[in-house]
Each structure stands twice: as C-alpha cells, then as structure tokens.
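Everything below concerns the one structure shown next.
Coordinate-derived values only; no laboratory data. None of the values given here were measured: they were computed from a predicted structure. Glycine also receives a Cβ, built like all others from the backbone with ideal geometry; neighbour counts cover every protein chain displayed.
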Amino acid sequence: MDPHDAHHIKQEEISHSHLPLSCWWNVLSLDAVTVAVLWQAVFLLSFCDRLPKRHESFSLGAVVWLIYVADRLLDGSRLDLSEPHLVRHRMHREFAGRWVIAWCLVLALACAVVVSWLDTAVVRMGLMVGASVMIYGAGVHFWPGGSPRKRVIEKELQVGAIFAAGVSLIAWKEAASWPLALATVASAGLFTANCWLVAERESTADQNFHGAGLKHRFRMVAVSVAVVVWALFSWMAGWLPWLMAASLLVGVGFLSLTKLLWSRGEPRTRQWSRRSLGDRGRRPLFDAWVPMADWSLILSPLVCWVVVSSWNLV
C-alpha cells in the first residue's frame, strides 16, 4: 500500500469532536502571548529586580500576537483543504478578512504604545529582532521553489531564538551581561524544544511539518538535557538568579511530563465536526492535548515565582 494512502486511511479513522476551550487559546494565538509576557517578567525580575511595566508587557504581547497571526494567515492562504490540516490554519483561511481587520487594529494600537512610551534604545533593539522575524518569514513562506527542506536553519530553531531575544529585550537594555546571555541561550533552547515537541505531535495534520523521525526526537532530548545542565551549572556557579534557573529547570520538567503523558494518552488528532467543505474537502484536525506544551511554559514561571517569592529569594 502506498504510504500516502495509508496516511489518509489513518485520518479517516479519527473520531469527530467539538473543539475544546483549551484549544481556542491556541487558535487565537493567545498562548504564545501569555508565554512571552510571563517570561519577560522572569527576565526582568531576575536581572533588573523589577516587574515589567504595563506598556512593556502590552507591546511585547501585541507584537508576538501580530507575528503569530501573520504567520498563520500565510499558512492558511496556501492550505490544501483536500489534505489533513489543522484547525488554526483553517480558521485563519476561512475568516482571513476578519483576522486582517483585527491585525491592523492591533498593529495601530501597538505602534501608538511603542512610540508614546517605549524607550528609544529599546525600539532600536526591537527593530533588530524585527529584522530577524522578517528573515524568518521570508525563508518559511517565500523560499524559492517552496522547498522547506533547503532551509539553512530549521524553523523551530529560528522561532526559539527569536522568541528568547524578544522576551529578554528590555533586560538587555538595562542589564546586559554574560549571565543574561547564558539565560537567553538557555531559554532559546527551552522554547525550541517546545516547538519541536508540538511539531512532532501535530505531524499527522500539519502540512508544514517536515520532521526527521528519530533524529528529530534525539535533537529534542539533547537540547532539553543541555538546558538542564546549562541552568544547573550556571546557577551553582552563581551566574543565574534563582528564579531564572528554576524556571528553566521546571520548564524542561513540565515539557518532559507533557511528552510522557502524550505517549500514554488518547489518539493524537480528532476531526472538528463543525467545519467541513463538502465531499472534496476534509474537516480540520485538532489535538486536545497540544495546549499542554505551552501551558508547561506558562505554569513553570508562575510556580517558580510563587516558590521563590515565598523563600524571599527574588
């Protein structure tokens, strides 16, 4: 039997279901915003001894939302509805007009906040991160020939590095140091492992996934172990503050637990019964357990902040 046909048969056996509330947080790109704002707070508490100001959190959250929505709109614009595909891509395709209107409104508001309140030095640094986002977008969505296998740097690696640069941006302006560099690199590894974990989980339905089986899993494990070793060594050497080291370690622990639960849990994907496109189209797919990966990065800084604060170690 042709592997392509076998893949389709496997998808036909997936049960129909309603989209759970937890998945809407992912469809609306609010999970990435939550992760970004919380880890910005971790960096500022650890290296600047303060919480982010409201305009700093809003600026970061808005920019992250704009990037994710733009990425998904581009994914949805070239979606093949006759092939297995994810709910979030389908939603951005079907309601592209409404997404674009919301995107423009958030962009205008974000620009007003940035121009009015953000420090000029932070804006200049942000433009450098923005340039890396543009390079990422060009490589992912407009690569000549449309072959993602020819990318020099893997998509998940780029996302992890850019995300880490964004959440640590203000800390770099106020407290640039080698310990901050260590924390930024370690957090980039954590975010990359999260991206790899989600990509592998959604591989049967994501038309943009081009993983490499065991090699892909080995890299994910290797990066996670490296983050643990890096964080432990840096903390023991006195380079990383308690909160940063604990957040990295607990983040890896939660991601590992998520991976373990996924391996023992329910089937990976289900069809969303409320969306169809006639006989020629397929219902979009979702995985009710995928949000656990981002919640691992959401809960880890919250848990560590509570513990570290109770010990008066911040």
Next item on the list: Go through 240-248, 128-136 and give me the packing order, highest mean Cβ count within 10 Å leading.
Entry: 240-248, 128-136
Check: Simple spin-label model, 7 Å along Cα-to-Cβ: VAL306 to LEU257 in nm?
Finding: 1.1 nm
Note to self: Placing unit charges on C-beta atoms (Lys and Arg positive, Asp and Glu negative, everything else neutral), compute the dipole magnitude of region 22-310 about its Cα centre in debye, rounded to 20.
What the structure shows: 620 debye
Item checked: Farthest positive-ward along region 22-310 dipole, Cα basis, beta-carbon charges - from GLY160, LEU60, ALA199 -> ALA199
Checklist line | region 22-310 - Kirkwood radius from inverse mean 1/r over Cα pairs (Å) | finding: 19.8 Å
Next item on the list: Distance from a point 7 Å along Cα→Cβ of LEU299 to each backbone N in region 31-67: keep the residues under 16 Å and list them by number.
Entry: 35
